[in-house]
Amino acid sequence: MNGTLQIREHLLKELETGVRTGASLIRLIRSEDWTYRPQDNMRSLAELVHHFIQITASDLAIMQEKDEAEVGLVENSLSGDLDIEQLEKTLWSNLEAYKAYITSLSEEDYLNRSTKAFYAEHGHLQAQWQIETLTHLFHHRSQLYNYLKQLGHELNFYMLYA
């Protein structure tokens, strides 16, 4: 395997770490936690979890140049769902679909194919989108960790890498 494809695989493994450790945080949520909102201008815990779960699906839709309505359908498809088991299944299913797309790209397409998000003036290469998805997921996993800490859950830093 050449260097480019090795880096792609390393990034996918990191994404999987973020999903796995995010799933372990989601499993800690108590029924009374779902409505928690740190401030009025922030997402509730339920909204944050739904967003986190849909990151790989919505980012994939954006990478594939879906329009705003199609991306919105993906982003809002979990509204009202608080079944942790079902949410976790969706999280993993979304990751698998994302991985299938990324690994289906030839090295040439991965490095040189540019796609443009409906909200952007300029496109990004597929490799850039992969990095964006990874940082997006880790950003919201950190928020999830902080919400749970604020709710009094016993958490430690090492959980984020287990």
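Condition test on residue 66, is it surrounded by 13 or more Cβ atoms within 10 Å (Cβ to Cβ), in contact with a helix residue (DSSP H, G or I) (Cβ under 7 Å, 6 or more places away or on another chain), touching a residue at least 24 places away in the same chain (Cβ under 8 Å) and over 17 Å from residue 143 (Cβ atoms)? It is false that residue 66 is surrounded by 13 or more Cβ atoms within 10 Å (Cβ to Cβ), in contact with a helix residue (DSSP H, G or I) (Cβ under 7 Å, 6 or more places away or on another chain), touching a residue at least 24 places away in the same chain (Cβ under 8 Å) and over 17 Å from residue 143 (Cβ atoms). Considering the range 80-104, and only residues there that are farther than 27 Å from residue 30 by Cβ and without any contact (Cβ under 8 Å) to a residue 24 or more places away in the chain, the residue that is least open to solvent (accessible area, probe 1.4 Å) turns out to be 100. Only residues that are part of a helix (DSSP H, G or I) and either among the β-branched types (Val, Ile, Thr) or open to solvent by 70 Å² or more (accessible area, probe 1.4 Å) (or both) were counted across the range 112-144, and they come to 7. When each of 24, 77 is tested for being open to solvent by 60 Å² or more (accessible area, probe 1.4 Å) and among the hydroxyl-bearing types (Ser, Thr, Tyr), the lone residue that passes is 77.
Assessment of the range 59-76 against the conditions (touching a Gly at 6+ places or on another chain (Cβ under 9 Å) and not polar (S, T, N, Q)) yields at least one matching residue.
Pairing residues of the range 47-58 that are free of Cβ contacts under 8 Å to residues at least 60 places away in the same chain with residues that are buried (at least 21 other Cβ atoms within 10 Å of the Cβ) and of a type outside the set (A, V, I, L, M), at Cβ distances under 8 Å and at least 6 apart in sequence or on separate chains, gives 57/98.
You will find that of 56, 35, 90, the residue that is modelled with pLDDT of 95 or more, of a type in the set (Val, Ile, Thr) and over 24 Å from residue 126 (Cα atoms) is 35 and no other.
The values are calculated or read from the model by the stated rules, or taken from the named source; none is laboratory data. Here the structure is a predicted model, which is why all the values come from computation and not from measurement. With ideal geometry, Cβ positions are generated from the backbone for all residues, glycine too; neighbour counts draw on all protein chains shown. Remember, those area values only see protein heavy atoms, side chains included, never the ligands or the DNA or RNA. Shrake-Rupley method; radii C 1.70, N 1.55, O 1.52, S 1.80 Å.
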